[in-house]
1. For the subset of region A:158-184 comprising residues that are part of a loop (DSSP other than H, G, I, E, B) and either at pLDDT below 95 or out of contact with any His (no Cβ under 8 Å at 6 or more places or on another chain) (or both), which member is surrounded by the most Cβ atoms within 10 Å (Cβ to Cβ)?
2. Looking for something without any contact (Cβ under 8 Å) to a residue 40 or more places away in the chain and either part of a helix (DSSP H, G or I) or not hydrophobic (A, V, I, L, M, F, W, C) (or both) - is there at least one such residue anywhere in region A:285-301?
3. For region A:367-385, check the following and say yes or no: at least one residue is within 27 Å of the chain's Cα centre (by Cα), free of Cβ contacts under 8 Å to residues at least 60 places away in the same chain and more than 12 Å from chain B (Cβ to nearest Cβ).
4. Scan (1) surrounded by 21 or more Cβ atoms within 10 Å (Cβ to Cβ); (2) out of contact with any helix residue (DSSP H, G or I) (no Cβ under 9 Å at 6 or more places or on another chain) for the single condition A:Ala392 breaks and write down its number.
5. Quick check on this structure: which one of B:Val52, B:Val40, B:Val19, B:Val108 is touching a helix residue (DSSP H, G or I) at 6+ places or on another chain (Cβ under 8 Å) and in contact (Cβ under 8 Å) with a residue 24 or more places away in the chain?
6. Can you tell me how many residues in region B:96-116 are part of a helix (DSSP H, G or I) and more than 13 Å from chain A (Cβ to nearest Cβ)?
7. For region A:52-101, which residues satisfy the criterion of being of a type in the set (Val, Ile, Thr), more than 20 Å from A:Glu117 (Cβ to Cβ) and in contact with a Leu (Cβ under 6 Å, 6 or more places away or on another chain)?
8. Part of a loop (DSSP other than H, G, I, E, B), at pLDDT 95 or above and not aliphatic (A, V, I, L, M): does that describe A:Glu194?
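The values are calculated or read from the model by the stated rules, or taken from the named source; none is laboratory data. Please read all numbers here as calculations on a predicted model, not as lab measurements. With ideal geometry, Cβ positions are generated from the backbone for all residues, glycine too; neighbour counts draw on all protein chains shown.
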Amino acid sequence: MKLPIYLDYSATTPVDPRVAARMAECLTMDGVFGNAASRSHSFGWQAEAAIEDARQQVASLINADPREIVWTSGATESDNLAIKGCAHFNERKGKHVITSKIEHKAVLDSCRQLEREGYEITYLDPCASGLIEPQAVADAIRDDTTLVSLMHVNNEIGTITDIAAIGEICRQRGVFFHVDAAQSAGKVKIDMAEMKVDLMSFSAHKIYGPKGMGALYVRRKPRVRIEAQTHGGGHERGMRSGTLPTHQIVGMGEAFRIAHEEMDDENTRILALRNRLWEGFSDMEEAHLNGTLEQHVAGNLNVSFAFVEGESLIMALKDFAVSSGSACTSASLEPSYVLRALGLEDELAHSSIRFSIGRFTTAEEVDYIIEKVLAAVTKLRELSPLWDMFKAGVDLSTVQWAAH
Amino acid sequence: MAYSDKVLDHYDNPRNVGVLDDKALNVGTGMVGAPACGDVMRLQIQINDDGVIEDAKFKTYGCGSAIASSSLLTEWVKGKTLEDAAKIKNSEIAEELALPPVKIHCSVLAEDAIQAAIQDIRKKRGED
């Protein structure tokens, strides 16, 4: 077993060797290095052909038309382009946008920017299991609402939003629907011929493609129009200017092709590992699952080990790469806003660990982290005054704490 | 976060973990922090007839710096009089452990803990 072990696939993934091989073919003099916008020679034509192949590969995974795919630098840019671009274009119709409290910062900060420009934003609360209910969306739509923006799979807790149902509501009410699919593409089935989603953001590096590469799906029928946020040579039908990075795009295309072919088998394998991990904690007292496993992506498991602070647990897991919702792992000193939005008490948010399993995870690695987590939690609870109090039957919520 | 070797040492081998009898007249207990903030320290000191701290124990819920700060504190207070223990400053703890700026509050909490423990013992002995 090679150490350290990577269990943070929701943060990023390594590039699949098959992807890296394709990318390497698009960089050097003897490769496809040309500028796809060069119309006067074969270098440009070859680059254009490679890019159009990749566009088809991305479109195939989600059953869309390749002309609906706009290349971007990543899901953050796609979210910015979709939200600000759609809201701006439809400004005369209204200035109200709906999103939720558990969105990625790329969505929340784009909405904050709209607020500064005079828009009104509704931030929906998730239910305790972390799901955004379609009815909550329906109830929030007003006459001046132009856009609903929600994530497909939550990056921290792995819950799957029912975007098919929410899409029906939005279409019926004449509101555009944007979905951030950075965490779901290649993991959850997406069918754009069926789903009434108008704009969808993708990232390459979450599914074994390169960092710095993404795409935005922009529906053609019925047509969705957005205002460009980056101006330049009019690339990507004017929606996103900038010379196309052939190697990055080819890498993203190959990553999406592999995902399309292998998704079913991979999900089965990863789900078995995830269940093995969760069962490994089943004998432990006070290990709480965050979110719900009912409507959940295969590779994610978010657990709060009560009375143990997350960062100190991560210190004990130095052979592993995992992440925590604890404040101490961030610069902000605030625990995860996602976990807090679920109504989790702060102490459980501080005690959370996100394990994310992926393509290269083995059963041996899962067994090893179970062993290490059990030992570390036991050790840290020995050190924890809160564990003593819990064991003595003290209700911690009744204690008068000296907050600082 | 890159921690100093001293923090890692206290985290891996915490000194003086445990509990003293908080009802005893020569034991003072200081519990500071809050679960909602991500750290709670319980520091206990026991003094002899000469008013010198002869034993100290701690338990801490918190990050590595909080554990290290309280572990270090138990080492420092042993053999000190209450007056001298009261003079321990958070800056000394932060310096000894080379805490990064974002973790200074852990050393502040440790200073609060020793102050609270001393206050508790003085109150018990009617010196307050």
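1. Ranking the candidates gives A:Val175 first.
2. yes
3. no
4. In the conditions (1) surrounded by 21 or more Cβ atoms within 10 Å (Cβ to Cβ); (2) out of contact with any helix residue (DSSP H, G or I) (no Cβ under 9 Å at 6 or more places or on another chain), A:Ala392 misses (1) alone.
5. Only one candidate passes the filter, namely B:Val19.
6. Within region B:96-116, the subset part of a helix (DSSP H, G or I) is B:96-97, B:101-116.
Next, only the ones that are more than 13 Å from chain A (Cβ to nearest Cβ) stay: B:96-97, B:114.
Residues flagged as part of a helix (DSSP H, G or I) and more than 13 Å from chain A (Cβ to nearest Cβ) within region B:96-116 amount to 3.
7. Passing the criteria: A:Val70, A:Thr72.
8. Here the answer is yes, as A:Glu194 does meet what is asked.
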